[in-house]
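Coordinate-derived values only; no laboratory data. All figures in this text were calculated on a predicted structure; none of them were measured in a lab. Neighbour counts are summed over all protein chains in view; Cβ atoms, including those assigned to glycine, are modelled from backbone coordinates with ideal geometry.
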Amino acid sequence: MPVLSLVAPFLNEQASAEAFAQFTKAIATDVKNRFGLDLEVVLVDDGSTDNSIGRYREVLDGNWRIVELSRNFGKEIALFSGIEESKGDFVLMVDADLQHPYEVCIEMISTLMADDDLDVVYSVRSDRRDESWAKAFASKLFYKVINAGQRFDMPENAGDFRIMRRQAATALLSIRDKRRFNKGLYAWMGFRQKGIPYVPAPRAAGNTKWSKRALAALSLEGITSFSSLPLRSMSVVGVIIGILGMLYGAEIIVEALLFGTNVPGYPSLMASISVLGGFNLALLGLLGEYVWVTIGEVKDRPLYIVRRIHRSDDAA
Ligand code: UDP
Ligand code: MG
């Protein structure tokens with residue numbers, strides 16, 4: 001019988017373990033009856049400091065494994081390790097906090113099962129419309145920058161909540177980027193993909209693990225691993241400032257030669273030095289971001305380290 005792998009990373013989610021176990025139980029029955037699929041649950045402990053693993057071991061049913069990472073590696077890497085551990089013909093990725101509604105999971109599975117020509121079915125958050133004007137603008141700008149001049153298109157608001165055929169999952173694993181900007185990688189790998197709109201449910205329990213700072217860092221990761229637009233535009237700004245400087249210089253010379261005007265020294269010097277200095281530093285910082293990413297790739301450390309794998313048959 002074909003197997004569906006349910007992959008879910010978690011970080012301190014002991015409070016929603018019980019609900020998650022119910023969720024997987026329901027999915028297991030449903031996919032067996034409707035699509036003739038066996039369910040395999042692969043959880044990834046991304047460095048939890050609470051008793052999440054203990055809780056999951058108590059409440060999970062059926063065929064499950066928990067990949068215990070040696071520390072917190074971040075959701076992107078945790079997901080990667082989960083996919084690598086999974087063996088199913090289909091891989092469905094969800095959050096452990098049950099924000100990804102059951103009905104949407106079933107809808108994604110049935111959409112993929114119904115169409116042999118599809119490789120990936122992903123979900124698109126459709127609740128972003130009532131966000132503040134500034135946030136919506138920042139998001140639009142981000143996708144504009146990142147999609148500029150690419151051969152592939154990164155859909156807005158499409159995240160990790162998706163189902164892939166094994167072939168697509170293998171392709172994703174073959175991308176060895178150390179700093180993983182998943183949204184970009186899903187688009188980069190291609191295949192036939194289809195989006196389904198959804199509205200996330202409130203968390204089953206606990207709080208979001210994402211801070212504003214982490215989100216900003218992730219966006220920067222997206223830019224540095226997918227776009228050279230900031231670097232190029234900095235060069236353009238540099239050239240423009242250089243030309244303006246030359247024009248200004250020419251004007252001073254002409255004025256001095258023809259009219260004997262006294263060249264005003266201090267203010268103009270200060271202005272040009274600080275403008276140029278500022279741009280130089282900004283460009284250096286930007287360049288540094290790209291260099292930092294490069295260093296990470298060159299060091300070629302493993303993506304993650306596993307401390308232990310817990311299995312449903314351990315208990316037996
Ligand atoms: N998560 C993780 N490692 C992290 C941060 C989060 O495995 O470093 C998990 C978390 O337990 C949850 C999922 O990733 O199952 C999504 O995180 P969260 O709910 O905090 O993000 P949000 O839904 O608020 O975007
Ligand atoms: Mg969540």
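Odds and ends about this structure:
- Within the shell defined by Cβ-Cβ distances under 12 Å, the residues around residue 169 carry a net charge of 0, with Lys and Arg each +1 and Asp and Glu each -1.
- Cα shape, segment 228-271, gyration tensor, a/c 1.5 rule: oblate
- For residue 196, residues with placed amide H under 5 Å, excluding near neighbours: 122, 123, 124
- Residue separation of residue 219 and residue 243 scaled by 0.36 nm, minus their Cα-Cα distance, works out to 5.4 nm of gained length.
- Across the chain, Cα pairs under 8 Å and at least six residues apart give a relative contact order of 23 percent.
- Which of 102, 56, 266, 122 has the fewest Cβ neighbours within 10 Å, and the rest in rising order: 266, 102, 122, 56
- The Cβ shell under 12 Å around residue 283 holds other residues with a net charge of 0, Lys and Arg each +1, Asp and Glu each -1.
- The simple spin-label model puts a point 7 Å past each Cα toward its Cβ; for residue 38 and residue 270 those points are separated by 7.8 nm.
- Whether segment 1-72 is rounded, prolate or oblate, judged on the alpha carbon gyration tensor where a/c under 1.5 counts as rounded: prolate
- Under-5 Å amide H pairs with residue 50, H placed in peptide plane, nonlocal only: 12
- Within segment 131-157: backbone nitrogen closer than 17 Å to the residue 235 label point (7 Å, Cα to C-beta): 148-150
- If you take the Cα centroid of segment 245-278 and the Cα centroid of segment 93-120, the two points sit 64 Å apart.
- Normalised contact order of segment 156-300, rounded percent, pairs of Cα under 8 Å and 6 or more residues apart: 34 percent
- Interatomic Cα distance distribution for the chain, bins of 20 angstrom, percent: 27, 48, 16, 8, 1
- DSSP bridge pairs, the chain: antiparallel proportion in percent, nearest 5: 35 percent
- Between residue 175 and residue 115, the contour length at 0.36 nm per residue exceeds the alpha carbon distance by 19.0 nm.
- Cα pair distances exceeding 21 angstrom across segment 24-170, given as percent: 53 percent
- Spatially, segment 183-237 and segment 1-33 are offset by 25 Å when compared through their Cα centroids.
- Expected-Rg normalisation [2.2 N^0.38 Å, Cα atoms] applied to segment 200-316: 1.96
- Max mean-square fluctuation residue, GNM over the chain, Cα-Cα springs under 10 Å, options 115, 89, 45: 115
- Dipole magnitude for the chain: about 440 debye, using +1 per Lys or Arg Cβ and -1 per Asp or Glu Cβ, origin at the Cα centre.
- Residue-wise HN-Hα coupling along segment 210-218, computed from phi with Karplus coefficients 6.51, -1.76, 1.60 (Hz; x: Gly, Pro): 9, 9, 4, 5, 5, 5, 5, 5, 5
- Toward the positive end of the charge dipole of the chain, with +1 on the Cβ of Lys and Arg and -1 on the Cβ of Asp and Glu, the farthest Cα among 211, 143, 249 is that of 249.
- Shape descriptor for segment 91-226: Rg over Rh equals 0.95 (Cα atoms; Rh from the Kirkwood inverse mean 1/r).
- Relative contact order for segment 1-83: 40 percent, from Cα pairs under 8 Å spaced at least 6 residues apart, divided by residue count.
- Applying 0.36 nm per residue to the separation of residue 208 and residue 144 and subtracting their alpha-carbon distance, the gain on full extension is 20.3 nm.
- Neighbour net charge for residue 122 - beta-carbon separation under 15 angstrom, K R +1, D E -1: -1
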